[in-house]
1. Among (1) assigned to a helix (DSSP H, G or I); (2) free of Cβ contacts under 8 Å to residues at least 40 places away in the same chain; (3) within 30 Å of Ser83 (Cα to Cα), there is one condition Val306 misses while meeting the rest; what is its number?
2. Which of the numbered conditions does Lys171 fail, given that it passes all the others? Conditions: (1) touching a Lys or Arg at 6+ places or on another chain (Cβ under 9 Å); (2) surrounded by fewer than 20 Cβ atoms within 10 Å (Cβ to Cβ); (3) of a type in the set (Lys, Arg).
3. Answer with yes or no whether Val47 is in contact (Cβ under 8 Å) with a residue 12 or more places away in the chain, touching a strand residue (DSSP E or B) at 6+ places or on another chain (Cβ under 7 Å), under 24 Å from Ala123 (Cβ atoms) and not charged (D, E, K, R).
4. Pairs only if they're at least six apart or on different chains, beta carbon under 6 angstrom, first in the range 4-24 and under 17 Å from Gly102 (Cα atoms) and modelled with pLDDT of 95 or more, second small (Gly, Ala, Ser) and surrounded by fewer than 22 Cβ atoms within 10 Å (Cβ to Cβ); list them, first residue then second.
5. I'd like to verify a number: residues in the range 251-281 that are over 17 Å from Phe188 (Cβ atoms) and not in a loop (DSSP other than H, G, I, E, B), how many?
6. Only one residue in Asp198, Asp248 is outside any helix (DSSP H, G or I), of a type in the set (Asp, Glu) and more than 30 Å from Asp113 (Cβ to Cβ), so which one is that?
7. Looking at the range 219-228, is at least one residue under 28 Å from Leu22 (Cα atoms), at pLDDT 95 or above and not in a strand (DSSP E or B)?
8. Of the conditions (1) more than 19 Å from Leu307 (Cα to Cα); (2) part of a loop (DSSP other than H, G, I, E, B), Arg215 satisfies every one except a single condition; which number is it?
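The values are calculated or read from the model by the stated rules, or taken from the named source; none is laboratory data. Just so it is clear, the structure is predicted and the values come from calculations on it, not from any experiment. Reconstructed Cβ throughout: ideal geometry from the backbone, glycine too, with neighbour counts over all protein chains shown.
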Amino acid sequence: MKKINIIKNRSDIGAGTRGADLGVDAIEIAAINAQSDYFNRYEFVDVQTFNEAVYEKQNTPYALRIGKVLAVCEGLSNEVKLSLSNQNFPLVLSGDHSSALGSISGVKCAYPDKRIGVVWIDAHADIHSPYTTPSGNIHGMPLAAALADDNMDRSVNKVSETTETNWQAMKNIGGITPKILHDDLVYFGVRDTEEPEDYTIAKNGIKNYKVEEVRYRGMEVCLAETLERLKNCDYIYISFDVDSMDCDLISKGTGTPVSKGFDQHEIKQIINGVVKSGKVACVELVEVNPCLDNKGNVMAETAFEVLENITKTIEEVNIK
């Protein structure tokens, strides 16, 4: 019988703002305050983190702390692969979004001969490389690494040999590169991008279901189209960044809040709709930052509401 495994990754070194390392704990506090036994119901594992790297002098300005981010992603990849190899369902709670490369790599390493689709629910495209990044923060790069797409057409940064070596290693986690194809990536809610990202999205025909399109055309239509796009994928990974939600409606408890996003009910519909396809192998929730929450612990409380709801669907579909 399949079991849900919760993988806790309290790393925030891929972000530009500290505090996402506390997101997992904030969600657990939200569960306690809701008088839920959620975190007692499932086995869990903690991924080793290297958050002390924020104190180290940086010599890779276009990929900050890349060596340690690589180590976190490798550790997370191993845990996701192990969970899947044991016929279980990995549900990943992470700090910053650079972790998604680890989760995607874990799915691909568990199923090296299978095609992996990605549903990316986020305000940001996260498809920069060290050659295009304006910030150097690796939470803006996981998809570029998974796609092995450096976007050299829009290169503006001259990177160091250390950055280059570690970036190649990130793309090659598990000895498989690329992990996913551009055709097998679907965005929901992306609305804050830079020109190099827009170029990659347009060049490769990546679909982005913006908030207004989902509301105008209807959730069911967009979900049906998404599953049609991913029909040739054997498995699907879902990444849910809480900044996909409207920061004015929910809270600013995330590293890079953006207005005019989804509400939590729409997020549940998206994730549940994809899970019901029966193809979802892994779901990840990222970027809760209680240090930035302007409404107490509301972002974590909302994230837990989503988590508890989608877990029921995962169990209905997967736990036979």
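1. Against the list (1) assigned to a helix (DSSP H, G or I); (2) free of Cβ contacts under 8 Å to residues at least 40 places away in the same chain; (3) within 30 Å of Ser83 (Cα to Cα), Val306 comes up short only on (2).
2. (2)
3. The answer is no for Val47.
4. Cβ pairs passing all conditions: Ile13/Ala53.
5. Matching residues across the range 251-281 total 1.
6. The match here is Asp248.
7. In the first step, residues of the range 219-228 are kept if they are under 28 Å from Leu22 (Cα atoms); the result is none.
Looking through the range 219-228, none of the residues is under 28 Å from Leu22 (Cα atoms), at pLDDT 95 or above and not in a strand (DSSP E or B).
8. So the condition that Arg215 fails would be (2).
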